[in-house]
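Reviewing the structure listed below.
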Amino acid sequence: MDVLIGIIHVLVTICGIIALLLSILHFIAFRWPAPAMWVLKVTVSSFTTVLLATGALTVIVGWTTDSSAIAFLGFAVLVINFIHFTNVTSAPGVKTGFVQAFGNGWEKTIPETRRAKFLKNRTTPFLPATPQANLKQDLPFATVPGTGRTLLCDLWLPPAGVTSSGLAFIYLHGSAFYLSDKDYGTRPFFLHLAAQGHVIMDVAYRLSPETDIKGMVHDAKRAVAWLKDHAAVYGIDPGKIILGGGSAGGHLALLAAYTPGLADFTPDDLAGKDTSVCGAISVYGTTDLEALYYHTNQHLTTRSEPGRPKKPVPTKMPAWLIRSIGSDFHRLGFDKGFEKAGALAYLLGGHPDEIPQVYKMYSPATYVHGGCPPTLLIQGAHDIMAPLTAARLLAELLLANGVKMVYHELPQVDHAFDLFFPKISPAAHNAIFDMERFLALMAEDRVEPDNSNIDD
């Protein structure tokens, strides 16, 4: 019996020490380039509930076997992850929350039938099961003039038997303006929203070097125009379209949403078209490109400074990560390498001190005005890529201009937190809690779909 207890002590101690070391990552904010530590930090955060269970089990083993050292180890893991869990599932601040934007009793303005499908609270352990959505993949929505380049999207339509909300959410994936594609890591989120009656348009917009930021914004507006033209087919109110995205996609969504009539950001083929939207969502979007440049140390990774050595950047993924991505590796453009991913000097044609007006032109904060649509901003306080100061500044500008705005800053949370194990990630659930309510607030009278025009 003593031998068995000794073996249990060794195993539990090893697990407890590993859990403790991993848990310490919650408190560390990394700076780019540190891709391996970023991936590890976001993964550990996603498994907070598992670490909580590990800590609790370690305490129990230590307590029942009279090992105060093991019990203390488990208690440390439990406390650290409880603090993290409490932080990442907290609500927005009072001054930037839903009440500030939409008034007292805002949630009661949403029909009870829709509220019944919401996450019940911000601490949901798992995303609930949902009926299978009606997925239409690789639908062409535009051809870029003069190139023959066809732009594709996926449409996630409400499942059979689910009443349409009349609202559509156009989603632009994260990309560093250079990588990735639609339909990667977002299916649990889209299934959840489709089950509430929303239509989701997942857009594969063009990336660098095929086009520049202006071309990407043009593609976003082409998606808006196409969806408005096909609103009756899919049961959408053309006045109830939300534009949003994550990371670079959030940046592009804000630019497109805040500049509906601006000639510089409207392609010639959309002349006279209405590309306005009724709301915008940015999840860790880059709102100020100059701030992004310095936050990600591009002054050290893309040029040499006197007295400061140039920092190397990763040029390719480690083998283990390539294996985990599998067949999607080429589709997502990861074989292009990483040296130019998010590199603004390459994308914009110079550094901020050389072309400050270009950095300003392509920053969403430049276009804030009183007519901006209601906006939801979600930002991690430890974001390795999107600077926290820029997100706060955009929130302040929106408030100062009287725009309805919800800004939710998640403590100890890093970039792309919603794409890592979203079914169990507490931070991802917290973001979904906000987004589903924001979308529901934007929804109004329902338009019934004409399914006769949808090909099976």
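A few remarks follow.
- Helix 2-23 and the long axis of the chain differ in direction by around 30°, with both axes built from C-alpha atoms.
- With a Förster radius of 45 Å applied to the beta-carbon distance between LEU139 and ILE60, the computed FRET efficiency rounds to 0.30.
- Compared with the dominant principal axis of the Cα atoms in the chain, helix 35-46 is inclined by about 80°.
- Here the convex hull built on the C-alpha positions of the stretch 1-153 has a volume of 274 cubic angstrom per residue.
- Rounded tilt (10° steps) of 248-258 against the dominant C-alpha axis of the chain: 40
- Using only side-chain charges placed at the Cβ, +1 for Lys and Arg and -1 for Asp and Glu, the dipole size of the chain relative to its Cα centre rounds to 600 debye.
- The stretch 345-422 shape via C-alpha gyration tensor axes, a/c threshold 1.5: oblate
- Separation of alpha-carbon centers, the stretch 4-60 and the stretch 64-81, rounded to whole Å: 13
- Prolate/oblate/rounded call for the stretch 2-88, Cα gyration tensor, a/c under 1.5 rounded: prolate
- Each part gets one Cα centre, and for the stretch 359-435 versus the stretch 118-175 those centres are 21 Å apart.
- DSSP bridge pairs, the chain: antiparallel proportion in percent, nearest 5: 35
- Other residues whose C-beta falls under 14 angstrom from the C-beta of ASP288 contribute a net charge of -1, scoring Lys and Arg +1 and Asp and Glu -1.
- In Å, descending, principal axis extents of the Cα set of the chain: 81, 62, 45
- Pairwise label distance in nanometres, ILE17 with ALA271, each label 7 Å out on the Cα-Cβ vector: 7.2
Only the coordinates and a few stated rules stand behind these numbers; no lab work does. Keep in mind the model is a prediction, meaning the values are calculated, not measured. Here Cβ is always computed from backbone atoms with ideal geometry, including for glycine, and neighbour counts include all displayed protein chains.
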